[in-house]
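Below you'll find the structure I mean.
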Amino acid sequence: MDYASKYEKYFALSPTLSTRDKDGVRKTFSGLMKLIYPSGEATMEEMEPLLRCAIEGRKRVKDQLCRIDSTMAEVDFSYMRVGSPDPIAVHAVEEDDYPDLYWRGRSVPPGAPETMRFRKRRRQWPGQPLRPNPKRNPQRPPGTAVRAIPSKRRRQPN
């Protein structure tokens, strides 16, 4: 049984979502419907929290991808009720409660002041003292190369 399209008569996802994001939301929604309403019959009021949960789950995945790769574009995770032009934005609880921590690692968080810019190279906030680089050996003079240790070669079978 596939309940992935049950919400479509009441709600529409944001058109800015990619096909992969829409598929993720649809599959998560279908799974939640199977668990909570195994008959597949649910009202609009019963489906809305399931859809919000599915969208929030995909949003969390996408936000993690944006933290890992700064070239990923941010996406508007919202939905609309059919017949209503107003989009309903979906946010994670942490995003609303702790925006300075949730958006840490992004170049400029949405709605954040310019002072929250994040230094990508050394992963430090502006104004913090530089930490020593743990990969650098303080006993070795700068500019000297580390000699590679030759690996043991396997004997060739005869």
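So Phe77 fits all but one of (1) modelled with pLDDT of 95 or more; (2) out of contact with any Cys (no Cβ under 9 Å at 6 or more places or on another chain); what number is the exception?
Of the numbered conditions (1) modelled with pLDDT of 95 or more; (2) out of contact with any Cys (no Cβ under 9 Å at 6 or more places or on another chain), the odd one out for Phe77 is (1).
With respect to Thr71, determine if the residue is modelled with pLDDT under 90 and hydroxyl-bearing (Ser, Thr, Tyr).
Working: modelled with pLDDT under 90: yes; hydroxyl-bearing (Ser, Thr, Tyr): yes.
Yes; evaluated as a whole, the condition is true for this residue.
Mind checking whether some residue in the stretch 40-55 is within 10 Å of the chain's Cα centre (by Cα) and buried (at least 19 other Cβ atoms within 10 Å of the Cβ)?
First pass over the stretch 40-55, keeping only residues within 10 Å of the chain's Cα centre (by Cα): none.
Among the residues of the stretch 40-55, not one is within 10 Å of the chain's Cα centre (by Cα) and buried (at least 19 other Cβ atoms within 10 Å of the Cβ), which makes the answer no.
Kindly check whether there is at least one residue in the stretch 63-85 that is part of a helix (DSSP H, G or I), out of contact with any strand residue (DSSP E or B) (no Cβ under 7 Å at 6 or more places or on another chain) and of a type in the set (D, E, K, R).
Just the residues of the stretch 63-85 that are part of a helix (DSSP H, G or I), to begin with: 63-68.
Retained after the next criterion (residues that are out of contact with any strand residue (DSSP E or B) (no Cβ under 7 Å at 6 or more places or on another chain)): 63-68.
When the remaining residues are screened for being of a type in the set (D, E, K, R), the result is 63, 67.
Among the residues of the stretch 63-85, at least one is part of a helix (DSSP H, G or I), out of contact with any strand residue (DSSP E or B) (no Cβ under 7 Å at 6 or more places or on another chain) and of a type in the set (D, E, K, R), which makes the answer yes.
Out of the stretch 1-51, which residues are β-branched (Val, Ile, Thr), assigned to a loop (DSSP other than H, G, I, E, B) and within 16 Å of Phe77 (Cα to Cα)? Break it down stepwise before answering.
In the first step, residues of the stretch 1-51 are kept if they are β-branched (Val, Ile, Thr); the result is 16, 19, 25, 28, 36, 43.
Next, only the ones that are assigned to a loop (DSSP other than H, G, I, E, B) stay: 16, 43.
Thr16, the sole residue that qualifies.
Look through Lys22, Lys62 and report the one residue that is crowded, with 18+ Cβ neighbours inside 10 Å, within 16 Å of the chain's Cα centre (by Cα) and not β-branched (Val, Ile, Thr). If you could, list the steps in order and put the result at the bottom.
Values: Lys22 fails: crowded, with 18+ Cβ neighbours inside 10 Å.
Result of the check over Lys22, Lys62: Lys62.
Then there's this: Quick one: Thr115 ticks every box in (1) surrounded by fewer than 17 Cβ atoms within 10 Å (Cβ to Cβ); (2) modelled with pLDDT of 90 or more; (3) of a type in the set (S, T, N, Q) except a single one, so which number is it?
(2)
Okay, moving on. Just give me the residues in the stretch 66-82 being of a type outside the set (D, E, K, R) and farther than 16 Å from Leu51 by Cβ, in sequence order. Don't jump to the end; show me each part of the working.
Start the filter on the stretch 66-82 by keeping residues that are of a type outside the set (D, E, K, R), which leaves 66, 68, 70-73, 75, 77-80, 82.
Hits for the stretch 66-82 are Cys66, Ile68, Ser70, Thr71, Met72, Ala73, Val75.
The values are calculated or read from the model by the stated rules, or taken from the named source; none is laboratory data. These numbers come from a predicted model, not from an experiment. Backbone-built Cβ (ideal geometry, glycine too); neighbour counts: all protein chains shown.
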